[in-house]
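Below is one structure, written out as structure tokens, with a few remarks after it.
The values are calculated or read from the model by the stated rules, or taken from the named source; none is laboratory data. On a predicted model such as this, the values are computed, not experimentally measured, just so you know. Note: ideal-geometry Cβ built from the backbone for every residue, glycine included; neighbour counts use all protein chains shown. When the accessible area is computed, the model is the full protein with side chains, heavy atoms only, and any ligands, DNA or RNA have been set aside. Shrake-Rupley method; radii C 1.70, N 1.55, O 1.52, S 1.80 Å.
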Amino acid sequence: MAEQDRIDEAKARYQAEREKRLRDDAQDQYSQLTDEFEEFDHDPWVESGFTREPVVEETTAVVVGGGFAGMLLAKGLQERGITDYRIIDKAGDFGGTWYWNRYPGCMCDVESLIYMPLLEETGYTPTMKYAPAAEIFEQCQRIAHQYDLYPHAILHTEIADATWDDDASRWIITTTRADRISAKFLITAGGILHKAKLPAIEGINDFAGRAFHTARWDYGYTGGSPTEPMDHLADKVVGIIGTGATAIQVVPQLAKAAKEVYVFQRTPSPVGARNNGPIEPGWVKAQPPGWQRERMVNFTECVTGGKPEVNLVGDGATRYLWDDTQQAATTPEEQAELDRLDFEVMQAIRDRVEEIVEDPETAEKLKPWYGKHCKRITYHDEYLQSFNLPNVHLVDTEGLGVRRVTEAGPVVDGKEYPLDLLVYASGFEVTTGLVSRLGFDPVGRGGVKLSERWHDGAHTLHGIHTNAFPNLLVCHFIQAAFGLNFNHYLDELTSHLTWIVANAEEHGITTIEATVEAEDEWLALLWQAGKGFGRYSAACTPSFHNSEGARTMAAARNVVHPGNLMRYSEHLERWRDAGDLPGLVVQKADPVDA
Ligand code: NDP
């Protein structure tokens, strides 16, 4: 068949597969881990009965979240001379997603040398090109000790309420442990993988076996630990719902440990070769100053179509994402070339399935039919191979997903699959409303709640500032940027945020607040820049990347700065250089009082 015919055929298949999965309930097809699902949300890593005295104090900044963002913010604040700040986290330690996600096989899928924060500053060399989760979690503690973050930390604690006090020009923050903190700045750095979600499947609570989410792995049930094989599953039948980046890592471990494994698939992930390997001990200390930033920027260029002269990381991501096929084409010929480049990558991924998976019927079901930017491309050298094992069974749901669970187990196409353990690898709230992800609803000027102000999606300048919420700084990627390497993105963003706080302190600024006009201009700029990206994403199979295919204003506002993260950083740099904080209403302290 001629190449153009194969591309056209693939595009028709993409469309058909997308239509199978579109649902009117979009993001509402998921349940949050609250109320009736509270059992799924308990912290397996902390002993119950923890108590402490409430904290009552005034501080310059409260940072919500002690993951990568929270730690980088703390470091940045300290380096800019601001030492009175607090970091509040529900978890019992620093680490964010690496605190919660300790499921078997968990590791980073962006190269450790650029993904693990502050390697240059800590002098730590990761053991592997893709380090295991336990090592990444240890790096978080290394950072927390080196920068003396623990005295600033308020752990095992959730925000109950955050209300702007206009008379005092401060945020009043209360917590579930009776703390009351008055802060000049409130910085929300809750991360993007903070809120686990469950599919709202009929009968989910009827299941009589053990069930948990991957972000709350119960080694008490499975045996083993993040670094040791699971030794209680040899006589157990295990099911796993979901085949995203998490499941790709979990399935091979279950395959080694359990009697039988049933993998319930709605949409297959693209799986490339991982080629993991050791890093020479001491590598980091032998590098010239600035190496980590240079490597991060180079990777970002490679995966966003920047095509630098050298590819320092040289992995699957930099090869598969070398051409940015989401960009807007100016001619039909250019569009045809983008389609061809996209097809080539996805076809290579589909061919890899055929090469590895022995049963042709199973191989066919494991092939992903969508564009290369639609979902995260995953990398693993054991996932597809698992389906050649006699104890691993793919239950393909034809794009419908598991819709019903009984006391015995999931039901698909009328067949019940009795299980001892059901693992939900069903992901996280990434593109839902900020309030849902934060777990509290900040109350701004005049008693307006953030959920009211953002009832139709985010309203921000740079993804950071929002009108009616003075001194609230949002650290997230909605209306901001992303880049595949979240550590690089956070490095850029947190540096900007700490500049904002330090600049206010230095110039006697009491409040900053975005104007509505500045918010609208910023959104218009994002929409204009993201035309190609929007068109591409709208044709994608549904997932959290495109708000599950929702066509709402909130989904339309959930945009990110397209393309290279450095273009977003350049906006921020120009804004800082302008000197007068354009787009913000700035209040200064009364000179008499100052
Ligand atoms: P995802 O949201 O990517 O995957 C959830 C999975 O659950 C999807 O396969 C989804 O199918 C499936 N699903 C949902 N409902 C049903 C249902 N009713 N029946 C069957 N299947 C269902 O979550 P992950 O936890 O896998 O990954 C989230 C993110 O975490 C990644 O994108 C990545 O950013 C990050 N991650 C990073 C890693 C790293 O190494 N750095 C490792 C793991 C995760 P469908 O696709 O059809 O929606």
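For the range 111-138, the set of residues classified as under 19 Å from G290 (Cα atoms) and surrounded by 21 or more Cβ atoms within 10 Å (Cβ to Cβ) consists of E111, S112, L113, I114, Y115, M116, P117, L118, L119, P126, listed by residue number. Restricting attention to the range 243-257 and to residues that are open to solvent by 20 Å² or more (accessible area, probe 1.4 Å) and under 15 Å from F387 (Cβ atoms), the residue that is farthest from the ligand (Cβ to nearest atom) turns out to be K256.
Scan the range 258-291 for residues that are within 16 Å of the ligand (Cβ to nearest atom) and in contact with a helix residue (DSSP H, G or I) (Cβ under 8 Å, 6 or more places away or on another chain) and the total you get is 13. Checked against (1) touching a helix residue (DSSP H, G or I) at 6+ places or on another chain (Cβ under 9 Å); (2) acidic (D, E); (3) open to solvent by less than 10 Å² (accessible area, probe 1.4 Å), E492 passes all but a single condition, namely (3). Within the range 326-353, the residues that satisfy the criterion of being over 30 Å from the mean Cα position of the chain (by Cα) and acidic (D, E) are E333, E334, E337. Reported count of residues in the range 317-346, each being surrounded by 16 or more Cβ atoms within 10 Å (Cβ to Cβ) and of a type in the set (A, V, I, L, M), is 6.
From the list R295, R376, R352, R340, the lone residue that is closer than 30 Å to A257 by Cβ, assigned to a helix (DSSP H, G or I), touching a residue at least 60 places away in the same chain (Cβ under 8 Å) and basic (K, R) is R352.
Each row is one residue, and each column tells you yes or no for (1) at pLDDT 95 or above; (2) away from the ligand (no atom under 16 Å from the Cβ); (3) crowded, with 22+ Cβ neighbours inside 10 Å.
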{"position": "I143", "(1), (2), (3)": "yes, yes, yes"}
{"position": "H156", "(1), (2), (3)": "no, yes, no"}
{"position": "W164", "(1), (2), (3)": "yes, yes, yes"}
{"position": "I187", "(1), (2), (3)": "yes, yes, yes"}
{"position": "N205", "(1), (2), (3)": "no, no, no"}
{"position": "G209", "(1), (2), (3)": "yes, yes, no"}
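Residue by residue, here is whether (1) within 16 Å of the ligand (Cβ to nearest atom); (2) surrounded by fewer than 18 Cβ atoms within 10 Å (Cβ to Cβ); (3) under 22 Å from C475 (Cβ atoms); (4) at pLDDT below 95 holds:
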{"position": "A10", "(1), (2), (3), (4)": "no, no, no, yes"}
{"position": "A16", "(1), (2), (3), (4)": "yes, yes, no, yes"}
{"position": "D28", "(1), (2), (3), (4)": "yes, yes, no, yes"}
{"position": "L73", "(1), (2), (3), (4)": "no, no, yes, no"}
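Could you say whether any residue in the range 388-400 is among the acidic types (D, E) and either more than 27 Å from the chain's Cα centre (by Cα) or buried (at least 18 other Cβ atoms within 10 Å of the Cβ) (or both)?
So the first thing to find is which residues in the range 388-400 are among the acidic types (D, E), and the list is 396, 398.
Filter once more, keeping what is either more than 27 Å from the chain's Cα centre (by Cα) or buried (at least 18 other Cβ atoms within 10 Å of the Cβ) (or both): 396.
Yes: the range 388-400 contains one or more residues that are among the acidic types (D, E) and either more than 27 Å from the chain's Cα centre (by Cα) or buried (at least 18 other Cβ atoms within 10 Å of the Cβ) (or both).
Within the range 500-518, is there a residue that is touching a Leu at 6+ places or on another chain (Cβ under 9 Å), more than 16 Å from the ligand (Cβ to nearest atom), in contact (Cβ under 8 Å) with a residue 12 or more places away in the chain and open to solvent by 40 Å² or more (accessible area, probe 1.4 Å)? Checked against the condition, which is being touching a Leu at 6+ places or on another chain (Cβ under 9 Å), more than 16 Å from the ligand (Cβ to nearest atom), in contact (Cβ under 8 Å) with a residue 12 or more places away in the chain and open to solvent by 40 Å² or more (accessible area, probe 1.4 Å), the range 500-518 yields no hits at all. Among the residues of the range 258-267, those identified as under 20 Å from G399 (Cβ atoms) and open to solvent by 40 Å² or more (accessible area, probe 1.4 Å) are Y262, R266.
Here is a yes/no grid of residues against (1) among the aromatic types (F, W, Y); (2) within 16 Å of the ligand (Cβ to nearest atom); (3) at pLDDT below 95:
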residue: I356; (1), (2), (3): no, no, no
residue: K365; (1), (2), (3): no, yes, no
residue: P368; (1), (2), (3): no, yes, no
residue: I377; (1), (2), (3): no, yes, no
residue: F387; (1), (2), (3): yes, yes, no
residue: P410; (1), (2), (3): no, yes, no
residue: Y417; (1), (2), (3): yes, yes, no
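Within the range 7-33, residues that are assigned to a strand (DSSP E or B) sit with their Cβ atoms under 9 Å from residues that are modelled with pLDDT of 90 or more, at 6+ positions apart or across chains, in these pairs: Y30/S426.
Number of residues in the range 55-91 that are aromatic (F, W, Y) and part of a helix (DSSP H, G or I) equals 1. Against the list (1) more than 14 Å from the ligand (Cβ to nearest atom); (2) touching a Lys or Arg at 6+ places or on another chain (Cβ under 9 Å); (3) open to solvent by less than 10 Å² (accessible area, probe 1.4 Å), the condition L422 fails is (1).
The numbered conditions (1) in a loop (DSSP other than H, G, I, E, B); (2) within 20 Å of T246 (Cβ to Cβ) are all true for L384 except (1).
Taking the numbered list (1) touching a strand residue (DSSP E or B) at 6+ places or on another chain (Cβ under 6 Å); (2) modelled with pLDDT of 95 or more; (3) not in a helix (DSSP H, G or I) in turn, L233 passes all entries but (1).
Condition (residue is more than 16 Å from the ligand (Cβ to nearest atom), open to solvent by 50 Å² or more (accessible area, probe 1.4 Å) and more than 21 Å from L493 (Cβ to Cβ)) applied to the range 92-107: is it met by at least one residue? No, the range 92-107 has no match at all. The condition of being surrounded by fewer than 18 Cβ atoms within 10 Å (Cβ to Cβ), among the charged types (D, E, K, R), within 14 Å of the ligand (Cβ to nearest atom) and in contact (Cβ under 8 Å) with a residue 24 or more places away in the chain holds for only one of R437, R403, that being R403.
Taken across the range 177-188, residues that are in a loop (DSSP other than H, G, I, E, B) and of a type in the set (G, A, S) do occur, with at least one present.
Among the conditions (1) within 12 Å of the ligand (Cβ to nearest atom); (2) open to solvent by 10 Å² or more (accessible area, probe 1.4 Å); (3) in a helix (DSSP H, G or I), A215 misses just one, which is (2). Determine which member of the set G583, G563, G579 is on the phi > 0 side of the Ramachandran plot and in contact with a His (Cβ under 8 Å, 6 or more places away or on another chain). Residue meeting the stated conditions: G583.
Out of all the residues in the range 268-277, is one or more without any contact (Cβ under 8 Å) to a residue 60 or more places away in the chain and open to solvent by 40 Å² or more (accessible area, probe 1.4 Å)? Looking through the range 268-277, none of the residues is without any contact (Cβ under 8 Å) to a residue 60 or more places away in the chain and open to solvent by 40 Å² or more (accessible area, probe 1.4 Å).
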